[in-house]
Structures are given as structure tokens and as C-alpha cells.
Amino acid sequence: MEKVFVACSMLSEEIKKIMEELDLDNKVLYLDAALHVDLDLLEQALESKLREVGSNEKPVLLIGTKCHPDIQSLANRYKCSIVRGSNCIELLLGPKMKDLDSEAKTFYLTKGWLQNWRKIFIEGLKWDPVDARQNFGFYDRIVCIDTDIGEIAEEDILEFFEYTQVPVEIYPVNLEHLKEEMLNVLQQS
């Protein structure tokens, strides 16, 4: 039985890179990253993708276990394997996330988040710069995770800083934790 990944587009470049490294040719169905702002739409899209998986295929969720409050029941209903990370950031950082969290109140970005923040915060949540500053004002810093897949443009970081008024730090990380999680769910029956 072929395993089909249903994944968040936030991690599309990272998933593609790992699949190339592992010589995997599993089909991947991506969910639009901006769906996180509307849990009902996220659930509908997730169910649609899971129904799209053929009867000779087994769905594997590459979506954080806390990206939707009912994700575990959806996984059970569609007999899916699911990764152990609570969100895309934890899937990339693994245990390093606790260390970073202990240092300061941190909001995390990936390259995917940086490419989609307008769609999420401005279009989806309708936050103007004042809303952004009020909502991001809780954080001491923003950590942008650099997986070394393509360049993270300085102007993108600067624009996000201008929107949030919170300092942005680059944090390099490899793909080993996500790779381990992907291998783990592929080995599950």
C-alpha cells in the first residue's frame, strides 16, 4: 500500500528536499498555509485532501498535532499516521525548541511563513500594522529558522520586522529532525 503525505505548504521545500535525499517518490498533497487562520476551512481542506487519497493508498499527515484541535480524531477517522511534532516549527527544531523558548518569549518563522505572512496576517486575520504590533508585542524576538534551502531575502525579514516591530534573528538548522519524523511515520503500519 502506497503512503501519501498530506502536508502543510509551509514545509513544502523542506519536504521536497528530504524526499530527494531519501529517494522517496510518495505523492504529496499540500494544504494552503493560510488555512491556519480559519479552523473550519482548515478542517474542510484537510478532509478533502484525505478523501482525495485513493483506496490503495494510506494517508500520512505531515501536519502538526496542534494545528487543529480535532486533528487526532481526523487522523483516526481516516486511519492516518501522523507526525509527533505539535507544529511545523517543532518538526524542524525538535527538542531545540524548548531551549529557545526558555531564552525569551519567541515567535517562530520559517521561510514558508516569511513567504506567506501577508496572506495569513493581513489578508486572513485582517491585521493592520497597529494590530500586528499589539499582537506581536508579547514577544521578545522572532526567530527565523534557516534550513539552508534557498535564500531568505533580507528585504523580506526587514518588511516583517517593520510590520511587527520585534527583532528578527536567523537560526540555522538542518533537516534531521523532520527527516526522522517522516521516516517514523512511513514505518508505521
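Residues checked against (1) among the aromatic types (Phe, Trp, Tyr); (2) open to solvent by 70 Å² or more (accessible area, probe 1.4 Å); (3) assigned to a helix (DSSP H, G or I); (4) on the phi > 0 side of the Ramachandran plot:
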site	(1), (2), (3), (4)
119	no, yes, yes, no
132	no, no, yes, no
166	no, no, no, no
174	no, yes, no, no
180	no, yes, yes, no
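Could you check residue 27 against (1) touching a residue at least 60 places away in the same chain (Cβ under 8 Å); (2) closer than 16 Å to residue 185 by Cα and say which number it fails?
(1)
List pairs: first residue in region 53-79 and closer than 25 Å to residue 89 by Cα, second residue among the aromatic types (Phe, Trp, Tyr) and part of a loop (DSSP other than H, G, I, E, B) anywhere in the structure, Cβ distance under 9 angstrom, at least six positions apart or on different chains.
Sorted first by the residue in region 53-79, then by its partner, the pairs are 59/78; 61/78.
Looking at (1) closer than 29 Å to residue 156 by Cα; (2) touching a residue at least 40 places away in the same chain (Cβ under 8 Å), which is the one condition that is false for residue 104?
It fails just one condition, (2).
Please work out if residue 142 is among the β-branched types (Val, Ile, Thr), without any contact (Cβ under 8 Å) to a residue 40 or more places away in the chain and closer than 21 Å to residue 14 by Cα.
It is true that residue 142 is among the β-branched types (Val, Ile, Thr), without any contact (Cβ under 8 Å) to a residue 40 or more places away in the chain and closer than 21 Å to residue 14 by Cα.
Please give the strands (runs of 3 or more DSSP E) falling wholly within region 1-94 in which 1 or more residues are farther than 28 Å from residue 146 by Cα and open to solvent by 10 Å² or more (accessible area, probe 1.4 Å).
2-8, 57-62
Which ones in region 95-117 are part of a loop (DSSP other than H, G, I, E, B) and surrounded by 16 or more Cβ atoms within 10 Å (Cβ to Cβ)?
110
Quick check: anything in region 134-150 part of a helix (DSSP H, G or I) and either among the β-branched types (Val, Ile, Thr) or surrounded by 12 or more Cβ atoms within 10 Å (Cβ to Cβ) (or both)?
yes
The values are calculated or read from the model by the stated rules, or taken from the named source; none is laboratory data. Quick caveat: nothing in here was measured; it's all calculated off a predicted structure. Using ideal geometry, Cβ is built from the backbone for each residue, glycine included, and neighbour counts are taken over all protein chains shown. SASA here: full protein model, heavy atoms, side chains in, ligands and nucleic acids out. Shrake-Rupley method; radii C 1.70, N 1.55, O 1.52, S 1.80 Å.
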